[in-house]
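The values are calculated or read from the model by the stated rules, or taken from the named source; none is laboratory data. What you see is a predicted model, and the numbers here were worked out from it, not measured in a lab. Ideal geometry is used to build each Cβ from the backbone, glycine not excepted, and the neighbour counts take in all protein chains shown.
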Amino acid sequence: MLTADNLGKAHGGDRILDGVSFTLSSDETLAVVGPSGCGKTSLLYMLSGLSRPDTGAVFLDGSPVQGPTPDISIILQDYGLLPWRTVVDNVALGLKVQGVPRAERLERARLQLVELGMAGHDQDYPATLSGGEQQRVAIARAFVSRPRLMLLDEPFSSLDALTRERLQHTLLDVWKRRRVPFVLVTHSLEEAVVLGRRIMVLSDRPARPVAMFDNPGFGDESIRDTEACFRLLKELRHTVEDVW
């Protein structure tokens, strides 16, 4: 489905990513963890087509990703909502860019808001919403265009712990219904275990993959309380302590 082949990137002569390769099948999710500043966000930008790698290539179902495409949606850390647009117009924005007629895009946006637990907020503005509500709107906007791949850049990092857990479960619930594969960048090892069917650990700059973990407990809503989760977290901590 998604293939990253030997990706490398430098900024101002400073190499930040080198030799990053992995594959993601259509029924998988991948959580990526690495130290601050190692280039995780740059990796997502290359996967989305917003940035071109200096070396290597990205392929979606065998076709090279050479620029932004409606097949790939990205959710940013700061939500990326337009403050002068209502909630429903924010969700429908990508559909407008795709040329979907207004009545259809608003109907699809409202249905997506209902799925994300935001019914009744159509005409609200982002500034009137809590951080968790704004992130639900951002997730709704990403899913409403029916992408083939989702990219998430630390989407819950600014939220309190309880809201973060609730939105993790919300994302999992939507994933179970839609089965849209996603790549998640996170600093939280626990979040990686909750949301990643596989977990890739990156080194410090230049970031390279140093470990890939399978997560057989992925999708279990009570995974945080399982022995398998504790064992995986222990392995992850030992790995990152050795390479960060």
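Some values worked out for this structure:
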item	result
One residue from PHE182, PHE156 being closer than 23 Å to PHE218 by Cα and modelled with pLDDT of 90 or more	PHE182
Failed item, numbered, when ASP54 is tested on (1) in contact (Cβ under 8 Å) with a residue 24 or more places away in the chain; (2) surrounded by fewer than 21 Cβ atoms within 10 Å (Cβ to Cβ); (3) within 17 Å of the chain's Cα centre (by Cα)	(3)
Tabulated pairs, region 96-108, first at negative phi, second assigned to a loop (DSSP other than H, G, I, E, B), C-beta under 7 angstrom, 6+ apart or interchain	GLN98/PRO70; GLN98/SER145
Boolean, GLN112 is under 17 Å from the mean Cα position of the chain (by Cα) and not hydrophobic (A, V, I, L, M, F, W, C)	no
Only listed residue being more than 14 Å from GLN112 (Cβ to Cβ) and in contact (Cβ under 8 Å) with a residue 60 or more places away in the chain, chosen from LEU82, LEU60	LEU60
Of the criteria (1) outside the structural domain of PHE218 (by TED's automatic domain parsing); (2) touching a strand residue (DSSP E or B) at 6+ places or on another chain (Cβ under 6 Å), which one SER130 fails	(2)
Test: residue in region 157-164 that is surrounded by fewer than 23 Cβ atoms within 10 Å (Cβ to Cβ), in a helix (DSSP H, G or I), touching a residue at least 12 places away in the same chain (Cβ under 8 Å) and out of contact with any helix residue (DSSP H, G or I) (no Cβ under 7 Å at 6 or more places or on another chain)	yes
